[in-house]
Amino acid sequence: MERKPVFLTAVLLFVFCLGWLPLAFSASVESRQKIDETVKETVVIQKKTTNLSQGWQDERRVLADATHALELEIKLLEARREKLRGYSQQRHKEILRLETGLKEMTEIGIRLEPFLDELVGRIESFQVADLPFSVHERERRLADLRQVLNSYDADLAEKLRRVMEVLKIEAGFGRGFEVSEESLTFNGAETTVRMLRLGRVGLYYLSLDGERAGWFNRLTKNWEPLSGASNEAVKEALRMTLKQRAFDLVRLPVAGGQP
């Protein structure tokens with residue numbers, strides 16, 4: 001009789017456990033589902049985090065490359081800036097030099113233009129006092145030169161060039177020799193003669209028939225006839241000038257001397 005209560009208690013406990021098992025199993029399933037969902041969410045979050053981290057790493061590399069490129073460009077620009085500063089200083093010095101030269105050229109121009117006019121006057125006076133050869137050509141050249149000097153359109157460089165050109169031509173007349181045909185007036189009649197110019201030392205003529213010869217006397221400013229040996233000397237000088245015979249010494253009057 002005393003064991004019944006214990007047995008009953010055991011039976012009740014067994015029954016109670018059997019009732020609890022479905023509840024415990026149901027709670028375990030729900031917990032597992034929650035855990036699975038939590039794991040899935042964690043995996044998704046971790047994947048997103050990994051993707052974000054990878055993207056950030058890629059972006060950081062891109063930014064690092066861009067930063068490096070910008071640093072190189074900054075260094076290049078700084079180097080160019082230094083060079084440009086040097087170029088600027090050089091150009092500034094060059095501008096100052098040119099401005100100084102321009103001022104000097106302006107001063108030279110102010111003094112040079114009247115000097116050119118004076119120089120042409122001297123050339124004209126020299127031609128008047130010179131031997132009368134190529135008279136019309138030299139007068140025309142001098143007239144053209146004066147026209148250039150009086151021209152508003154011609155700059156100073158062109159005027160200087162033309163004056164130097166005429167001076168060079170005039171200086172060239174003092175060297176070498178020349179034979180030409182000219183017209184001279186004798187006793188009111190024009191006669192064609194063969195003219196021989198020996199630099200600026202002497203000017204001689206010989207008629208085309210070879211009968212008359214003469215020379216220009218600087219002192220008297222006149223043509224004077226030659227005869228005898230001097231006449232033959234002019235003929236020989238003409239032949240040598242025309243390369244019709246070998247060069248040799250001849251006696252001719254110069255500067256008002258005697259033949």
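The values are calculated or read from the model by the stated rules, or taken from the named source; none is laboratory data. The model shown is predicted, which means the values in this text are computed figures rather than measured ones. In this analysis, Cβ positions are derived from the backbone assuming ideal geometry, glycine residues included, and neighbour counts consider all displayed protein chains.
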Inset, instruction - Please specify each residue of the range 161-170 satisfying the condition of being farther than 20 Å from Thr106 by Cβ, surrounded by 10 or more Cβ atoms within 10 Å (Cβ to Cβ) and out of contact with any helix residue (DSSP H, G or I) (no Cβ under 9 Å at 6 or more places or on another chain). - result: Met164
Legend entry - So Glu158, is it surrounded by 12 or more Cβ atoms within 10 Å (Cβ to Cβ) and under 30 Å from Val201 (Cβ atoms): no
Inset, instruction - Show the residue pairs that are 6+ apart or on different chains and have beta-carbon atoms under 7 Å apart, the first residue being within the range 168-195 and without any contact (Cβ under 8 Å) to a residue 40 or more places away in the chain and not assigned by TED's automatic domain parsing to the domain that holds Ile123, the second being of a type in the set (Asp, Glu) and loosely packed, with under 14 Cβ neighbours inside 10 Å. - result: Ser183/Glu190; Thr192/Glu181
Legend entry - Residue satisfying condition, being in a loop (DSSP other than H, G, I, E, B) and at pLDDT below 90, within set Ser183, Ser151: Ser151
Inset, instruction - Please find, within the range 108-125, the residue that is nearest to Leu149 (Cα to Cα) out of those that are modelled with pLDDT under 85 and of a type in the set (A, V, I, L, M, F, W, C). - result: Leu112
